[in-house]
Amino acid sequence: MHDSHPPQLQQNFERLRAAWLEQHPSYEQRRDDLKRLRRLFRERLDDMSKAVSADFGHRSVHETLLGEGSVVLSEIDHTLARLKAWMKPERRAAGWKLWPAKAEVRFVPLGVVGIISPWNYPVNLALAPLVAAIGAGNHVMLKPSEHTPRTSEFLRALIADVFPDTRATVTLSGADLSAAFSALPFDHLFFTGSTAVGRKVMAAAAQNLTPVTLELGGKSPAIVGETADLRRAANRIATGKFFNAGQTCIAPDYVLIHESKRDAFVTLLKQHMAERYGVGNGYQDYTSIINEAQHDRLDNLVTDAQARGHKLVSLLDMKQAPPSRVRLFEPTVVLEPDRDSAVMREEIFGPILPVISYRTTAEAIGYVAGRDRPLALYCFSADTAEIEAILARIVAGGVCINDTLYQFACNDMPFGGVGASGMGHYHGREGFLTFSKAMSVLRKYDPAPSDLITPPYKGLTDKLVRFITWIPGR
């Protein structure tokens, strides 16, 4: 192990490795671990909600239950119901050339895996990959975000009460130890976060040839076609964009909308926001920005748009919010920003929504296809041909048609990015496979080719080789 690894990280890794080498977790052990995690996690949902809200300055308890608690419990239940089937060897065809033989693929655990989780959904994005890793029979080192210290402590206590420290452990450390964590010789490293940090994680892991899964982000578009139900589209885009105040990797980053619908769409957005979060609701369901640095970054995006002369539309008057609320950011539409504006160069990751009009579906497709491949693509249309044209031309990590966000909640579909938005998948069986080695096993019976096909390649042996390879004799 490299000398730059801090002693505690090294000790934790070696303890997990030694225990795994001594005994791999059986199906019964994995099942019992996941059941215990489910029980203790469910008992502590209130503690989780309080910790997350304290880290954010305020977050709606219902958003936390939906975005953290429900997702994790659903992933555990899905895994428990199918784990035995996933673990069964798969029969494969050995082929007549190897007869008599039996071929199968076994899904075996990798060993010790590392998980680095972010601050925006600090429980969900830590525990969902952990569930997959434990289900696949691995031992786990988890490093949660330093930006959510109370939630990280919640995770540390939860994991310590579920698992012995020889099977799973939580590393509480600052950003200064992230590089050292990434450089440990894990059997797999799973990272969720920004593309910029993902590049650094991958570079560090490459020194050990550690395979990585990178769940990143990017600019996920929502295309609203001419035939779309506009009220429904505005309502569902508002949900996707402003849930967790836009601090969601799969939030619609910008909207492309047919020019005939743009102004009505913005009006409907404003109505929905007032109904959901306004004075009558006390802004209790509107989440704060995680810290001052992120708030300042969002301010700079708006300032840049103003300096470029783009029209801004405020969707909610935050002046009426209680003085006790900190780091609230006014949800804002930016109309027709140019490609070079900051809101179109950077992932927004907050409650700012660029809205750009288009004339033809081909124009909208070209706009998206000419950019980095997004983590999510949203399409609102009643025209099946239009939807299929979009799906045929745009490659994205995942797609949701006539809604937002909920592709993430489908346990039986893989979740992951492509290109700059990530690599690899998890959720459901794909998560199990990510943390498993597909090990090919061939059982050979007599007669064996290695007995029959040996030098010198003459006579019958020559005929047999030519027959197998379908090369005509001369």
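So which pairs qualify, if the first residue must be in the range 185-207 and closer than 17 Å to ASN124 by Cα, the second must be of a type in the set (Asp, Glu) and modelled with pLDDT of 95 or more, the Cβ gap must be under 6 Å, and the two must be at least 6 apart or on different chains? Sorted first by the residue in the range 185-207, then by its partner, the pairs are THR192/GLU215.
For the range 69-79, check the following and say yes or no: at least one residue is modelled with pLDDT of 95 or more, outside any helix (DSSP H, G or I) and not assigned by TED's automatic domain parsing to the domain that holds ILE290. Taking every residue of the range 69-79 in turn, none turns out to be modelled with pLDDT of 95 or more, outside any helix (DSSP H, G or I) and not assigned by TED's automatic domain parsing to the domain that holds ILE290. For the range 119-126, the criterion of being closer than 30 Å to ARG466 by Cα and either among the aliphatic types (A, V, I, L, M) or touching a His at 6+ places or on another chain (Cβ under 9 Å) (or both) is met by no residue. The condition of being part of a helix (DSSP H, G or I) and in contact (Cβ under 8 Å) with a residue 12 or more places away in the chain does not hold for ILE115.
Of all residues assigned to the range 159-178, at least one qualifies as being within 27 Å of ARG82 (Cβ to Cβ), hydroxyl-bearing (Ser, Thr, Tyr) and surrounded by fewer than 19 Cβ atoms within 10 Å (Cβ to Cβ). Going by the structure shown, is GLY114 more than 24 Å from the chain's Cα centre (by Cα), assigned by TED's automatic domain parsing to the domain that holds TYR27 and closer than 26 Å to LEU216 by Cβ? It is false that GLY114 is more than 24 Å from the chain's Cα centre (by Cα), assigned by TED's automatic domain parsing to the domain that holds TYR27 and closer than 26 Å to LEU216 by Cβ. Considered as a group, the residues in the range 22-41 that are touching a Gly at 6+ places or on another chain (Cβ under 8 Å) and part of a helix (DSSP H, G or I) include one that is farthest from LEU158 (Cα to Cα), and that residue is ARG30. Count of the range 272-301 residues, restricted to those that are modelled with pLDDT of 95 or more and in a helix (DSSP H, G or I), is 10. The helices (runs of 4 or more DSSP H) located wholly in the range 335-434 that include 3 or more residues which are without any contact (Cβ under 8 Å) to a residue 40 or more places away in the chain occupy 361-369, 384-393.
Name the single residue, out of those in the range 312-370 being surrounded by 14 or more Cβ atoms within 10 Å (Cβ to Cβ) and hydroxyl-bearing (Ser, Thr, Tyr), that is farthest from THR227 (Cα to Cα). Of everything passing the filter in the range 312-370, SER341 is farthest from THR227 (Cα to Cα). Here VAL197 passes the criteria (1) touching a Phe, Trp or Tyr at 6+ places or on another chain (Cβ under 9 Å); (2) surrounded by 21 or more Cβ atoms within 10 Å (Cβ to Cβ) except the one numbered (2).
Only residues that are small (Gly, Ala, Ser) and in a loop (DSSP other than H, G, I, E, B): list them for the range 128-139, please.
Those that are small (Gly, Ala, Ser) and in a loop (DSSP other than H, G, I, E, B): ALA136, GLY137.
Tallying residues that are surrounded by 10 or more Cβ atoms within 10 Å (Cβ to Cβ) and without any contact (Cβ under 8 Å) to a residue 12 or more places away in the chain within the range 448-458 yields 2.
The values are calculated or read from the model by the stated rules, or taken from the named source; none is laboratory data. Just so we're clear, the structure is a prediction, and the values are computed from it rather than from any experiment. Here Cβ is always computed from backbone atoms with ideal geometry, including for glycine, and neighbour counts include all displayed protein chains.
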